[in-house]
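Taking it in order: structure first as structure tokens, then the write-up.
No lab work stands behind these numbers, since they all come straight from the coordinates. Bear in mind that the values here come from a model prediction, so they are computed numbers and not experimental data. Positions of Cβ are generated from backbone atoms using ideal geometry, with glycine treated the same way; all protein chains shown enter the neighbour counts.
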């Protein structure tokens, strides 16, 4: 019973940290273009992330819960996995570095699995890795293309950042859709452990994780929202619309097949593509290079930290 309570507490804490971490990925573009103000953006995101997590996360929950470590996982091992991912996500959020909590989580699973000698489904890892490599590259190309398309069909979006008219409303709608997708795509990082241990079914797991996501959005979402909105690429309305739309398309395409990819990587890839459509000078390259380093370090740090914690914990208790 105590292990179950600890697992739920750690999973909710991780979901809270993720909610804060992904505010920029979901509402950064509407906020950057002044199409929506701070608290309406965070409030809408919190509600839609909860709905997405509760009702649209089932396939991804199954992938995390059953397809990486095929055997039933003990609650002790699940606590190690979620704790390691929570610690790393919180550190990256504190440093305002958008990274991939999905990749951190998956490699925490791998690290813990290696430490306890569990069988690992490397085919699933390979499929995920291919998606992770391709998604930001595809997003760069689509961001570049969509920016030029929006300029062609609605030239005013190149200059309009006033928050008036059709495009700002459309951008808020796309940001809202991204918030729903984030809930469905990312909640399993925290609550897939409930399925690994057969603690809860997918609906209850999604609901619990969704509540944690929403609280994180509202209580600690502002720093990364501002980081993504203003510190990576100088955005106009066409660029912001293209970037947010591309991100939603890339991520929801992965979710539809039961896989997950990084909201941050899809958005930042799309933002880079929109920046290149305007010229290299619009991209804040030092900030972007720092984020790329975070993408590289995140999975490796997850594997190492979970492995170390599992080995140390295994010296005292059976995992």
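Label the stretch 247-319 by shape, choosing from rounded, prolate and oblate, from the square roots a ≥ b ≥ c of the eigenvalues of the Cα gyration tensor; if a/c is under 1.5 it is rounded, and otherwise prolate applies when a/b is larger than b/c, oblate when it is not.
Note, shape of the stretch 247-319 comes out oblate.
Give me log10 I(q)/I(0) at q = 0.08, 0.13, 0.14 Å⁻¹ for the stretch 2-314, Debye formula, one equal scatterer per alpha-carbon, no solvent.
Each listed q corresponds, in turn, to -0.32, -0.81, -0.93.
Below 8 Å, C-alpha to C-alpha, sequence gap of six or more: please give me the relative contact order for the chain in percent.
Relative contact order comes out at 39 percent.
Would you list 289, 307, 22 from fewest to most Cβ contacts within 10 Å?
289, 307, 22
Name the most mobile residue of 264, 67, 185, meaning the one with the largest mean-square fluctuation, in a Gaussian network model of the chain with Cα contacts below 10 Å.
Maximum among the listed residues: 67.
Within the P(r) computed for the stretch 160-274, what percentage of the Cα pairs occupies the region above 19 Å?
Here the tail beyond 19 Å accounts for 53 percent of pairs.
Could you give P(r) for the stretch 34-152, binned at 5 Å from zero, as whole percent values over all Cα-Cα pairs?
P(r) over the stretch 34-152, rounded to whole percents: 2, 8, 13, 15, 19, 18, 11, 6, 4, 2, 1, 0.
Suppose only helical runs count, i.e. DSSP H with n ≥ 4. What mean residue ellipticity at 222 nm does that imply for the chain under -39500 (n - 2.57) per run, divided by all residues and rounded to the nearest 500 deg cm²/dmol?
Rounded to the nearest 500, it is -27000 deg cm²/dmol.
Using Cβ contacts closer than 10 Å as the measure, can you line up 263, 29, 235 from fewest to most?
So the ranking, lowest neighbour count to highest, is 235, 263, 29.
Pick from 215, 91, 252: which residue has the top mean-square fluctuation in a GNM of the chain where Cα pairs under 10 Å get a spring?
Fluctuation is largest for 91.
Mean-square fluctuation check for the chain, GNM, Cα pairs under 10 Å: which of 254, 15, 243 is largest?
In this elastic network of the chain, the residue with the biggest mean-square fluctuation among 254, 15, 243 is 254.
Which stretch or stretches of the stretch 278-305 have amide N atoms under 17 Å from the point lying 7 Å from residue 91's Cα along the Cα→Cβ direction?
Backbone N within reach: 291-305.
Based on the alpha carbons, how large is the Rg to Rh ratio for the stretch 91-205 when Rh follows Kirkwood?
Dividing the radius of gyration by the Kirkwood radius yields 1.09.
Neighbour counts of other C-beta atoms within 10 Å: give me 61, 281 arranged from fewest to most.
Arranged by neighbour count, lowest to highest, 61, 281 become 281, 61.
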